[in-house]
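**Student:** Here it is, the structure in full.
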Amino acid sequence: MKITLLGTGTSQGIPVVGCNCVVCMSDDPRDSRLRSGVLIEVGETNILIDTGPDLRYQMLRNKVNRVDAILYTHEHNDHIIGLDDIRPFNFTQKIDMPLYALPRVADELLARFGYVFSDNQYPGSPRAIIKRIEDFGVIEIKGQIVQPIQVMHGNLPILGYRIGDFAFITDASYINNENIQRLKGVKILIINALRKESHHSHFSLDQAIGLIEQVNPQKAYITHLSHRMGLTNDWEKDLPNNVFPSYDGLEIFV
Ligand SMILES: [Zn+2]
Ligand SMILES: [Zn+2]
Ligand SMILES: [Zn+2]
(Lines give C-alpha, C1' and ligand atoms only; values in the text may rest on other atoms or scores of the structure.)
(Ligands and ions follow the chains in the order given, each with its own letter.)
Protein backbone atom coordinates (compact mmCIF):
# COMPACT_ATOMS: atom_id res chain seq x y z
CA MET A 1 0.00 0.00 0.00
CA LYS A 2 1.26 3.46 -0.91
CA ILE A 3 -0.01 6.61 0.77
CA THR A 4 0.55 10.05 -0.79
CA LEU A 5 -0.22 13.17 1.20
CA LEU A 6 -1.72 15.56 -1.33
CA GLY A 7 -2.31 18.43 1.09
CA THR A 8 -1.32 18.88 4.74
CA GLY A 9 -2.56 22.37 5.61
CA THR A 10 -5.58 23.59 7.54
CA SER A 11 -8.51 25.32 5.83
CA GLN A 12 -6.63 28.43 4.64
CA GLY A 13 -3.57 26.53 3.44
CA ILE A 14 -0.02 27.85 3.88
CA PRO A 15 1.00 30.45 2.89
CA VAL A 16 -2.12 32.27 4.06
CA VAL A 17 -3.22 34.97 1.63
CA GLY A 18 -1.75 38.32 2.71
CA CYS A 19 0.30 36.90 5.61
CA ASN A 20 3.97 37.87 6.04
CA CYS A 21 4.81 35.58 8.98
CA VAL A 22 8.02 33.51 8.91
CA VAL A 23 6.13 30.34 8.00
CA CYS A 24 4.20 31.92 5.13
CA MET A 25 7.46 33.52 3.87
CA SER A 26 9.54 30.33 4.39
CA ASP A 27 11.77 28.94 1.61
CA ASP A 28 11.40 25.39 3.00
CA PRO A 29 9.04 23.59 0.58
CA ARG A 30 7.70 21.63 3.58
CA ASP A 31 6.17 24.88 4.88
CA SER A 32 3.90 25.26 1.83
CA ARG A 33 0.75 23.28 2.47
CA LEU A 34 -2.33 22.79 0.30
CA ARG A 35 -5.66 21.92 1.85
CA SER A 36 -6.17 18.34 3.12
CA GLY A 37 -6.13 15.33 0.81
CA VAL A 38 -4.76 11.79 0.75
CA LEU A 39 -4.35 9.20 -1.99
CA ILE A 40 -4.23 5.53 -0.98
CA GLU A 41 -3.01 3.10 -3.62
CA VAL A 42 -3.77 -0.43 -2.52
CA GLY A 43 -3.46 -3.25 -5.04
CA GLU A 44 -5.01 -1.94 -8.25
CA THR A 45 -7.34 0.41 -6.38
CA ASN A 46 -6.91 4.17 -5.86
CA ILE A 47 -8.88 5.61 -2.96
CA LEU A 48 -9.02 9.34 -2.30
CA ILE A 49 -9.83 10.85 1.08
CA ASP A 50 -11.74 14.15 0.66
CA THR A 51 -12.01 16.58 -2.25
CA GLY A 52 -10.78 19.94 -1.01
CA PRO A 53 -10.43 23.22 -2.91
CA ASP A 54 -6.96 22.26 -4.24
CA LEU A 55 -8.08 18.95 -5.76
CA ARG A 56 -7.34 19.77 -9.40
CA TYR A 57 -3.81 20.95 -8.66
CA GLN A 58 -3.20 17.96 -6.36
CA MET A 59 -4.21 15.53 -9.11
CA LEU A 60 -1.89 17.27 -11.59
CA ARG A 61 1.05 17.72 -9.23
CA ASN A 62 0.97 14.09 -8.08
CA LYS A 63 0.09 12.71 -11.53
CA VAL A 64 -3.03 10.93 -10.31
CA ASN A 65 -4.71 9.42 -13.35
CA ARG A 66 -7.30 7.20 -11.74
CA VAL A 67 -9.60 7.35 -8.69
CA ASP A 68 -11.88 4.42 -7.85
CA ALA A 69 -13.67 5.79 -4.79
CA ILE A 70 -13.72 8.77 -2.44
CA LEU A 71 -14.00 8.60 1.34
CA TYR A 72 -15.23 11.75 3.08
CA THR A 73 -14.17 12.73 6.58
CA HIS A 74 -16.72 15.54 7.04
CA GLU A 75 -18.60 18.33 5.35
CA HIS A 76 -16.37 21.35 6.02
CA ASN A 77 -15.54 23.31 2.91
CA ASP A 78 -11.83 22.51 2.90
CA HIS A 79 -12.72 18.81 2.61
CA ILE A 80 -15.52 18.79 0.01
CA ILE A 81 -15.59 21.84 -2.23
CA GLY A 82 -13.35 20.44 -5.00
CA LEU A 83 -15.83 17.69 -5.89
CA ASP A 84 -16.52 19.20 -9.33
CA ASP A 85 -12.94 18.39 -10.35
CA ILE A 86 -13.59 14.64 -10.41
CA ARG A 87 -14.94 15.14 -13.95
CA PRO A 88 -11.78 13.99 -15.76
CA PHE A 89 -12.07 10.64 -13.94
CA ASN A 90 -15.72 10.36 -14.97
CA PHE A 91 -14.73 10.91 -18.59
CA THR A 92 -11.73 8.58 -18.72
CA GLN A 93 -12.99 5.78 -16.45
CA LYS A 94 -16.63 6.04 -17.54
CA ILE A 95 -17.92 5.50 -14.01
CA ASP A 96 -20.18 7.30 -11.57
CA MET A 97 -17.71 8.02 -8.74
CA PRO A 98 -18.67 6.27 -5.48
CA LEU A 99 -18.64 8.76 -2.58
CA TYR A 100 -18.61 7.25 0.91
CA ALA A 101 -19.85 9.55 3.66
CA LEU A 102 -21.78 9.71 6.90
CA PRO A 103 -25.52 10.32 6.25
CA ARG A 104 -25.22 13.92 7.52
CA VAL A 105 -22.24 14.56 5.21
CA ALA A 106 -24.06 12.89 2.31
CA ASP A 107 -27.02 15.25 2.82
CA GLU A 108 -24.65 18.22 2.74
CA LEU A 109 -23.08 16.96 -0.52
CA LEU A 110 -26.58 16.62 -2.02
CA ALA A 111 -27.43 20.18 -0.92
CA ARG A 112 -24.17 21.80 -2.04
CA PHE A 113 -23.80 19.85 -5.31
CA GLY A 114 -27.42 19.33 -6.31
CA TYR A 115 -26.49 19.51 -10.02
CA VAL A 116 -24.22 16.45 -9.66
CA PHE A 117 -27.08 14.28 -8.43
CA SER A 118 -29.90 15.81 -10.50
CA ASP A 119 -32.12 13.55 -12.67
CA ASN A 120 -31.83 16.25 -15.29
CA GLN A 121 -28.05 16.54 -15.61
CA TYR A 122 -26.29 19.18 -17.61
CA PRO A 123 -24.02 17.37 -20.11
CA GLY A 124 -20.45 17.21 -18.78
CA SER A 125 -21.47 17.48 -15.11
CA PRO A 126 -19.61 15.34 -12.62
CA ARG A 127 -21.22 11.96 -12.02
CA ALA A 128 -21.23 10.40 -8.58
CA ILE A 129 -23.23 8.06 -6.41
CA ILE A 130 -23.47 8.44 -2.68
CA LYS A 131 -22.84 5.48 -0.40
CA ARG A 132 -24.00 6.28 3.11
CA ILE A 133 -21.87 4.94 5.94
CA GLU A 134 -24.43 3.71 8.47
CA ASP A 135 -23.48 2.72 12.02
CA PHE A 136 -19.75 3.09 11.30
CA GLY A 137 -19.72 -0.38 9.75
CA VAL A 138 -16.83 -1.52 7.57
CA ILE A 139 -16.85 -0.61 3.89
CA GLU A 140 -15.58 -2.82 1.09
CA ILE A 141 -14.07 -1.13 -1.95
CA LYS A 142 -12.99 -3.57 -4.67
CA GLY A 143 -12.17 -6.16 -2.02
CA GLN A 144 -10.31 -3.72 0.26
CA ILE A 145 -11.78 -3.48 3.76
CA VAL A 146 -11.99 0.06 5.13
CA GLN A 147 -12.80 0.62 8.82
CA PRO A 148 -14.36 4.01 9.63
CA ILE A 149 -13.07 5.50 12.89
CA GLN A 150 -15.39 7.95 14.64
CA VAL A 151 -13.64 11.02 16.08
CA MET A 152 -14.98 14.27 17.48
CA HIS A 153 -14.24 17.59 15.71
CA GLY A 154 -15.42 19.95 18.44
CA ASN A 155 -19.07 18.88 18.80
CA LEU A 156 -19.21 17.27 15.35
CA PRO A 157 -18.78 13.48 14.98
CA ILE A 158 -16.66 12.91 11.87
CA LEU A 159 -14.71 10.01 10.36
CA GLY A 160 -11.15 8.88 10.08
CA TYR A 161 -10.34 5.67 8.22
CA ARG A 162 -8.22 2.59 8.77
CA ILE A 163 -7.08 0.29 5.97
CA GLY A 164 -4.99 -2.61 7.22
CA ASP A 165 -1.94 -1.28 9.07
CA PHE A 166 -2.60 2.35 8.11
CA ALA A 167 -4.97 4.96 9.55
CA PHE A 168 -5.69 8.57 8.65
CA ILE A 169 -7.38 10.98 11.03
CA THR A 170 -7.89 14.67 10.39
CA ASP A 171 -9.74 17.50 12.17
CA ALA A 172 -10.06 15.55 15.43
CA SER A 173 -10.14 17.14 18.87
CA TYR A 174 -11.15 14.05 20.85
CA ILE A 175 -11.24 10.28 20.27
CA ASN A 176 -13.05 7.98 22.68
CA ASN A 177 -11.59 4.73 23.95
CA GLU A 178 -13.69 2.51 21.68
CA ASN A 179 -12.23 4.22 18.63
CA ILE A 180 -8.71 4.31 20.05
CA GLN A 181 -9.06 0.51 20.30
CA ARG A 182 -9.96 0.42 16.58
CA LEU A 183 -6.64 2.14 15.86
CA LYS A 184 -4.55 -0.29 17.89
CA GLY A 185 -2.01 -2.26 15.90
CA VAL A 186 -1.59 0.23 13.05
CA LYS A 187 1.97 0.63 11.85
CA ILE A 188 1.42 4.08 10.35
CA LEU A 189 -0.88 6.70 11.87
CA ILE A 190 -1.48 10.09 10.30
CA ILE A 191 -3.10 12.48 12.76
CA ASN A 192 -3.95 16.16 12.84
CA ALA A 193 -2.50 18.94 15.00
CA LEU A 194 -3.28 22.55 14.24
CA ARG A 195 -0.70 24.38 16.36
CA LYS A 196 0.92 24.28 19.79
CA GLU A 197 -1.84 26.23 21.58
CA SER A 198 -5.15 24.50 22.29
CA HIS A 199 -8.17 24.94 19.98
CA HIS A 200 -11.84 24.05 20.46
CA SER A 201 -12.13 21.73 17.45
CA HIS A 202 -8.60 20.55 16.58
CA PHE A 203 -5.90 18.73 18.52
CA SER A 204 -2.92 20.80 19.63
CA LEU A 205 0.51 19.27 19.00
CA ASP A 206 0.74 17.96 22.59
CA GLN A 207 -2.75 16.42 22.38
CA ALA A 208 -1.87 14.69 19.10
CA ILE A 209 1.34 13.33 20.62
CA GLY A 210 -0.66 12.07 23.63
CA LEU A 211 -3.02 10.24 21.29
CA ILE A 212 -0.09 8.77 19.37
CA GLU A 213 1.33 7.44 22.66
CA GLN A 214 -1.99 5.70 23.37
CA VAL A 215 -2.21 4.10 19.93
CA ASN A 216 1.54 3.34 19.82
CA PRO A 217 2.09 2.97 16.04
CA GLN A 218 5.56 2.34 14.59
CA LYS A 219 5.46 5.79 13.00
CA ALA A 220 3.11 8.75 13.14
CA TYR A 221 2.89 11.86 10.97
CA ILE A 222 1.31 15.20 11.91
CA THR A 223 -1.00 16.87 9.37
CA HIS A 224 -3.65 19.65 8.90
CA LEU A 225 -1.35 22.40 10.15
CA SER A 226 -1.83 26.10 10.63
CA HIS A 227 0.95 28.60 9.93
CA ARG A 228 0.82 29.25 13.68
CA MET A 229 2.58 25.92 14.31
CA GLY A 230 5.85 27.62 13.32
CA LEU A 231 8.57 26.49 10.91
CA THR A 232 8.59 22.74 10.25
CA ASN A 233 12.34 22.80 10.77
CA ASP A 234 11.77 24.08 14.34
CA TRP A 235 8.83 22.08 15.66
CA GLU A 236 10.04 18.77 14.25
CA LYS A 237 13.03 18.94 16.65
CA ASP A 238 10.74 18.54 19.66
CA LEU A 239 8.88 15.48 18.36
CA PRO A 240 9.25 11.98 19.88
CA ASN A 241 11.45 9.57 17.88
CA ASN A 242 8.54 7.88 16.09
CA VAL A 243 6.65 11.11 15.19
CA PHE A 244 7.35 13.15 12.07
CA PRO A 245 5.96 16.23 10.37
CA SER A 246 4.01 15.53 7.21
CA TYR A 247 4.46 17.65 4.10
CA ASP A 248 2.74 17.85 0.74
CA GLY A 249 3.89 15.09 -1.59
CA LEU A 250 5.12 12.83 1.22
CA GLU A 251 4.90 9.19 0.16
CA ILE A 252 4.61 6.46 2.77
CA PHE A 253 4.78 2.74 2.01
CA VAL A 254 2.96 0.42 4.37
ZN1 LIG B 1 -10.19 20.72 7.84
ZN1 LIG C 1 1.46 33.22 8.06
ZN1 LIG D 1 -13.20 20.62 9.72
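**Student:** With every protein chain kept in place and ligands, DNA and RNA left out, what is the accessible area per residue of the stretch 2-253? Probe 1.4 Å, answer in Å². Working shown, then result.
**Tutor:** Numbers: 11200 Å² over 252 residues.
Result: 44 Å² per residue.
**Student:** Let me ask you something else. Which value does Rg/Rh take for the stretch 118-190 over its C-alpha atoms, Rh per Kirkwood?
**Tutor:** Details: Rg = 15.4 Å, Rh = 14.1 Å.
So for the stretch 118-190, dividing Rg by the Kirkwood Rh gives 1.09.
**Student:** I would also like to ask the following. Mind checking the angle between helix 103-112 and the chain's longest principal axis? C-alpha axes, 0 to 90 degrees, to the nearest 10.
**Tutor:** Its long axis makes an angle of about 70 degrees.
**Student:** Relative to the longest principal axis of the chain, what angle (0 to 90°, nearest 10) does the C-alpha long axis of helix 205-215 take?
**Tutor:** Its long axis makes an angle of about 80 degrees.
**Student:** Given labels modelled 7 Å from the Cα in the Cβ direction, how far is it in nm from Asn155 to Asp135?
**Tutor:** 2.8 nm
**Student:** Anyone know which of Thr232, Thr223, Thr170 comes out most mobile in the 10 Å Cα GNM of the chain?
**Tutor:** Thr232
**Student:** Tabulate in residue order the Karplus-calculated ³J(HN,Hα) for the stretch 13-29, using 6.51 cos²θ - 1.76 cosθ + 1.60 with θ = phi - 60°, rounded to whole Hz; enter x for Gly and Pro.
**Tutor:** Karplus-based 3J(HN,Hα) across the stretch 13-29 equals x, 10, x, 7, 3, x, 8, 10, 5, 4, 6, 5, 9, 5, 8, 6, x Hz.
**Student:** With only Lys, Arg, Asp and Glu charged, each at its Cβ (+1 for the first two, -1 for the last two), find how big the charge dipole of the chain is about the Cα centre; round to the nearest 20 debye. Kindly include the intermediate steps, with their values, before the conclusion.
**Tutor:** Details: 25 positive and 30 negative charges, 73 e Å.
Roughly 340 debye for the chain.
**Student:** Also: Convex hull volume of the Cα atoms in the stretch 1-155, per residue, in Å³?
**Tutor:** Values: hull volume 21.5 nm³, N = 155.
Output value, Cα hull per residue: 139 Å³.
**Student:** Give me the percent relative contact order of the stretch 61-206, please, defined on Cα pairs under 8 angstrom at least 6 residues apart. All intermediate terms of the calculation are to be shown ahead of the outcome.
**Tutor:** Working: 243 pairs, mean separation 23.5, N = 146.
Relative contact order, the stretch 61-206: 16 percent.
**Student:** Can you pull the percent of the chain's accessible area that's carbon plus sulfur, 1.4 Å probe, other chains left in place?
**Tutor:** Result for the chain: 48 percent of the exposed heavy-atom area is carbon or sulfur.
**Student:** Provide the per-residue ³J(HN,Hα) series for the stretch 223-240, in order, calculated from phi with Karplus coefficients 6.51, -1.76, 1.60 and θ = phi - 60°, each as a whole number of Hz, with x at glycine and proline positions.
**Tutor:** Ordered by residue, 3J(HN,Hα) equals 9, 6, 9, 9, 4, 6, 5, x, 5, 3, 4, 8, 6, 5, 5, 8, 7, x Hz.
**Student:** Skipping prolines and chain starts, which residues have an amide H placed within reach, meaning under 5 Å, of the one on Ile149, given they are 5 or more residues away or on another chain?
**Tutor:** Long-range HN contacts for Ile149: Gly160, Tyr161, Arg162.
**Student:** Under a plain spin-label model, where a point goes 7 Å from the Cα along Cα-to-Cβ, how far apart in nm are His199 and Arg66?
**Tutor:** Computed distance between label sites His199 and Arg66 equals 3.6 nm.
**Student:** Would you tally the net charge around Val186, using a Cβ to Cβ cut-off of less than 10 Å, leaving Val186 out, and scoring K and R as +1, D and E as -1? The partial results should precede the final answer.
**Tutor:** On the way: positive: Arg162, Arg182, Lys184, Lys187, Lys219; negative: Asp165.
Taking every Cβ under 10 Å from that of Val186, the sum is +4.
**Student:** Pick from Lys131, Lys237, Lys184: which is most flexible by mean-square fluctuation in a GNM of the chain where alpha carbon atoms under 10 Å apart are linked?
**Tutor:** Result: Lys237 has the largest fluctuation of those listed.
**Student:** Only Cα pairs within less than 10 Å get springs; with that Gaussian network setup on the chain, which residue of Ile188, Ile169, Ile95 has the largest fluctuation?
**Tutor:** Fluctuation is largest for Ile95.
**Student:** Let me ask something additional. Taking GluC sites (Glu not before Pro) as exposed when DSSP calls them loop (any state but H, G, I, E, B) and at most 12 other Cβ atoms lie within 10 Å, what is the longest stretch of the chain free of them, the sites themselves excluded?
**Tutor:** In the chain, the maximal stretch lacking such sites is 45-133.
The values are calculated or read from the model by the stated rules, or taken from the named source; none is laboratory data. Remember, predicted model here, so these are calculated numbers, not experimental data. Reconstructed Cβ throughout: ideal geometry from the backbone, glycine too, with neighbour counts over all protein chains shown. Surface accessibility is based on the protein's heavy atoms, side chains included, excluding ligands, DNA and RNA. Shrake-Rupley method; radii C 1.70, N 1.55, O 1.52, S 1.80 Å.
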